[in-house]
Amino acid sequence: MKRIGIDLGGHTISAGPVDFSNERPRIISARTVPTPEKRDLLSVTRALEELILPWTAPGVECSVGIGIPGFVDKERRRILRLTNFSGCDGVYLGETISADLRELGVKAVIRLENDANCAALGEGAAGAARGMSDYVVLTLGTGIGAGIVTNGRLLSGAHGMAAECGHMAVSGDPALSGCGCGGRGHLEESASADWLERRAGLLGLPPVFREIWERRRTDKNAADLLAPALEALARGIASLAVTLDPEAVILSGGMSLAAGLADELRERIEKYLPRPFRPVFILKNSELGGEAAVIGAASLGQEMCKR
């Protein structure tokens with residue numbers, strides 16, 4: 001049975017069938033397309049179906065896992081909240097796509113999951129967390145997310161919403177405008193690429209995280225913008241470390257590609273850690289990049305078919 005993984009992102013959608021026959025899973029062929037400019041249910045559904053169809057055939061069953069940047073119900077069938085998309089909340093997206101594909105003769109078993117959870121599963125199967133049973137993958141990009149694996153199992157919580165670390169309350173600053181989820185003072189609101197890039201425009205800086213980061217040693221505005229964001233990230237990561245005692249915290253997402261980010265964060269994190277944690281705390285970068293979420297998403301579909 002073909003197992004397909006999809007990572008629905010704010011700017012792009014990546015997908016591909018994954019080969020699980022070897023010890024280390026791999027993407028057989030990958031495709032990345034822009035996320036529809038009109039981010040509504042119909043546009044997203046069509047884009048996902050167009051990605052799935054080339055890897056399917058009438059009468060042949062396949063499994064599909066879809067990682068989304070938002071909240072999913074405990075049964076992994078219904079979207080609770082899809083940030084920055086319209087008309088998708090409350091939708092049984094898997095059933096919608098399955099029904100459309102069924103009309104074309106394709107039988108697809110589909111499961112939804114938070115995209116950071118998918119990245120965590122992917123890193124555990126084939127990346128930086130391979131061989132670990134307790135770890136955190138922190139995705140730093142347009143938003144901030146996390147996938148937590150403890151005792152070899154993905155942590156989902158009582159309602160399926162565990163590990164939403166981007167929504168940890170880390171600031172009481174009244175100047176913050178509010179997080180896209182409806183809350184205030186969240187890590188995502190204080191340190192995500194989206195937040196930094198919006199603030200950069202007000203300071204005369206280029207609204208691109210990579211360029212802001214590169215200017216941090218020569219431009220005071222860039223340094224002043226980044227400093228509180230790095231502190232917020234350090235506090236958030238330190239809180240995860242002392243709560244979970246992971247083997248490693250793994251940085252993923254576009255922001256993690258910034259040269260030296262992990263080193264700067266590590267220095268800031270250590271001052272928040274109790275002394276016994278400092279020698280055992282490990283912060284490292286993803287080994288798979290964007291492939292992690294696709295591999296992890298495909299493994300969700302694989303598990304669905306075992307039920």
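Which semi-axis lengths, in whole Å and largest first, follow from the square roots of five times the eigenvalues of the Cα gyration tensor of segment 70-225?
Taking √(5λ) for each Cα gyration eigenvalue gives 33, 20, 16 Å.
For R46 and H159, the FRET efficiency from 1/(1 + (r/R0)^6), where r spans their Cβ atoms and R0 equals 41 Å, is about 0.85. Remark on C179: its backbone amide H falls under 5 Å from those of R184, G185, H186, a criterion applied only to residues 5 or more positions apart or on other chains, H modelled at 1.01 Å from N. Of all DSSP-defined beta bridges confined to the chain, some 50% are antiparallel rather than parallel. At full extension, R77 and R26 could sit 15.8 nm farther apart than now, given 0.36 nm per residue minus the alpha carbon distance. Between Y272 and M132, the contour length at 0.36 nm per residue exceeds the Cα-Cα span by 48.0 nm.
Using a Gaussian network model on the chain with a 10 Å cutoff between Cα atoms, which of N117, N22, N151 fluctuates the most? Per the Cα network of the chain with a 10 Å cutoff, N22 tops the list.
Simple spin-label estimate for E95 and K284 gives 4.2 nm between the two label positions (7 Å along the Cα-to-Cβ direction from each Cα). Loop-located GluC sites (Glu not before Pro) in segment 52-155 (DSSP state not H, G, I, E or B) with no more than 15 neighbouring Cβ atoms inside 10 Å: E75, E103. Computing FRET efficiency as 1/(1 + (r/R0)^6) for A57 and E214, where r is the C-beta to C-beta distance and R0 is 35 Å, gives about 0.15. Considering helices alone, the calculated mean residue ellipticity of the chain at 222 nm is -10500 deg cm²/dmol, with DSSP H runs of length four and up weighted by -39500 (n - 2.57) and normalised per residue. When the charge dipole of segment 176-307 is built from unit charges on Cβ atoms (+1 for Lys and Arg, -1 for Asp and Glu) and taken about the Cα centre, the candidate among G183, L261, A248 whose Cα reaches farthest toward its positive end is G183. Between A223 and N84, the contour length at 0.36 nm per residue exceeds the Cα-Cα span by 47.2 nm.
A simple count of charges around N151, restricted to other residues whose Cβ falls under 15 Å of its Cβ and scoring Lys, Arg +1 and Asp, Glu -1, yields -2.
With all projection directions averaged, the alpha carbon convex hull of segment 55-125 covers 5.4 nm².
Please work out the C-alpha center-to-center distance from segment 1-62 to segment 244-305 and express it in whole Å. Comparing the Cα centres of segment 1-62 and segment 244-305, I get a distance of 24 Å. Shape class of segment 155-307 from the Cα gyration tensor (axes a ≥ b ≥ c, square roots of the eigenvalues): prolate, since a/c reaches 1.5 or more and a/b is larger than b/c.
Readers should treat all values here as calculations from the given coordinates under stated rules, not as data from a laboratory. This one's a predicted model, so the numbers in the text were calculated from it and none came from an experiment. Cβ atoms come from the backbone with ideal geometry, glycine included; neighbour counts cover every protein chain shown.
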